[in-house]
1. Do we have any residue at all in the stretch 353-360 that's under 30 Å from residue 441 (Cα atoms) and touching a Phe, Trp or Tyr at 6+ places or on another chain (Cβ under 9 Å)?
2. When the residues of the stretch 330-339 are filtered to those that are farther than 22 Å from residue 191 by Cβ and hydrophobic (A, V, I, L, M, F, W, C), which remaining residue is surrounded by the most Cβ atoms within 10 Å (Cβ to Cβ)?
3. Can you pull out every residue in the stretch 159-210 that is of a type in the set (A, V, I, L, M) and open to solvent by 70 Å² or more (accessible area, probe 1.4 Å)?
4. So how many residues does the stretch 412-431 have that are β-branched (Val, Ile, Thr) and in contact (Cβ under 8 Å) with a residue 40 or more places away in the chain?
5. I need the full set of residues from the stretch 78-105 which are open to solvent by less than 10 Å² (accessible area, probe 1.4 Å) and either over 18 Å from the mean Cα position of the chain (by Cα) or of a type in the set (Asp, Glu) (or both), in order please.
6. Restricting to the stretch 370-405, name every residue that is among the aromatic types (Phe, Trp, Tyr) and under 12 Å from the mean Cα position of the chain (by Cα).
7. Taking only the stretch 255-309 into account, find how many residues are outside any helix (DSSP H, G or I) and either open to solvent by less than 10 Å² (accessible area, probe 1.4 Å) or not basic (Lys, Arg) (or both).
8. Specify the residue that is modelled with the lowest pLDDT; the eligible residues are those in the stretch 424-458 that are of a type in the set (Ser, Thr, Tyr) and open to solvent by 40 Å² or more (accessible area, probe 1.4 Å).
Amino acid sequence: MAKDFEKHGLETTSIEGSPGEDTLREPLAESRYHDTDVFGHEEDHEIVYKTLSWQLVAVLMIAEIVSNGMLSLPSSLAVVGIVPGVVLIVFLGVFGLFTSWILIQFKLRHPEVHNMGDAGMIILGPFGREILSAGTIIFAVFATGGQLLAGQIALGSLSNSKLCLMLYTGIFAIPTLLFSLPRTLDQLSWLSIPSVISILIAGIVGMIGAGVSFPLASINVTMNTSFVTAFISITNPVFAYAGHFMFFILISEMKHPTHAMRAAWVLQTFATAFYTVFAIVLYIYVGPTVSSPAFSSLPEKWQKAAYGIAIPNFIIAGSLYAHTAAKLLFVRFFRKSRHLYSNTVLGWGAWIFLVFIMNAAAFVLAVGVPIFNYLIGIAASLFASWYTYGIAGAFWLYDAYTYKGGRSALKSNWPMTGLSLATLAAGAFICVAGTYVTIKQIVDAYKNGLVASPFSCH
């Protein structure tokens, strides 16, 4: 495996004084971590990547994850009832914290890992690298398109839909492209601060608007519903927490990667608490008719206020997704090259081209594919189910088996082995079931004539 890894342009790390790669590998101390990570020692580099504090990483994580995904959560409660819905949101938040810990430990053991593709190379060889790299890019581009659609809805609400919806998407795509262009995440992190503030205030405004505009609704504690309908409500919070695919890239640009878990704690605590309160308040006031996105259920003035305030978040979240897709390919093309860290014409030209391609692909998908909203659901089922949940179990099992004594290590640490296997099973179940119900939604939409034509204004 080590030879394959080096053959594909990635360095391997061995523990000093150990005879080989089958010995114990613990998370590396920072002094040794920087010897083998993707950006190396940066004292003489013109472009310095490893500048992020854990606080800024937490802000980036929140800006990327706590976004338009939360607007579907109240409708999930309307489908399954308030108790199962809240339990699901909290459980997935705690589960996401657990998988965050596994991903961070894996990254600290393997500093050469920059993205999910690199991690796939370690556990599955070249095939794993290509599958996980492609999945990251596809999901990031689709998520960018999802933010463009959120921006389209927001601009349409603010202007009473006076323009063609495709034009709103195009207008929104311009700042998303521009904010994707910085080479380092440090520059985007400062833009993420107002992004986080905007979605927090937008959520509060939405809750206030619901509280002052509606009486307490008649709500259901639990609901009897079909598997397909119920599972749609499960995919909503899964997508709302879907940001783990960026963790390796974020940690790679930290000054102190050993502090990454602090950022994960902040992210998951904030997201879980905010999602829970937002979903409950919107549901108990708007009631079973609450729509997705939830802001569209508010009276016009509150709807406009909430969407208007949320726009900076939609832009920055979209930019982060597009940046991530471009960064994966850029690092792969120029790893160990001076173009990665110097202001060369080739380096900047390639970077601008990749950023443009990712944003252009997201725009074309958002306006040109009538079932794009459903395709986002398929992408979330196929990739977010693994990146956020399932694949973390595979990472832990690989390290335990490879570096800690094979089967005996798995047996001796049976609680973590069991949790990792359960994590893999959960990811597989969400992937298969989520893909099934989304495809069924597409079929039903075509049957009922709900699918618009490509590049439609409506």
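The values are calculated or read from the model by the stated rules, or taken from the named source; none is laboratory data. Predicted model only: the values in this text are computed from it and were never measured. With ideal geometry, Cβ positions are generated from the backbone for all residues, glycine too; neighbour counts draw on all protein chains shown. With ligands, DNA and RNA removed, areas are computed over all heavy atoms of the protein, side chains included. Shrake-Rupley method; radii C 1.70, N 1.55, O 1.52, S 1.80 Å.
1. Yes, the stretch 353-360 contains at least one residue that is under 30 Å from residue 441 (Cα atoms) and touching a Phe, Trp or Tyr at 6+ places or on another chain (Cβ under 9 Å).
2. 334
3. 163, 167, 171, 174, 178, 197, 201, 204, 208
4. Total meeting the criteria: 2.
5. The answer is 81, 85.
6. 383, 386, 387, 389
7. Residues flagged as outside any helix (DSSP H, G or I) and either open to solvent by less than 10 Å² (accessible area, probe 1.4 Å) or not basic (Lys, Arg) (or both) within the stretch 255-309 amount to 10.
8. Ranking the qualifying residues of the stretch 424-458, first place goes to 453.
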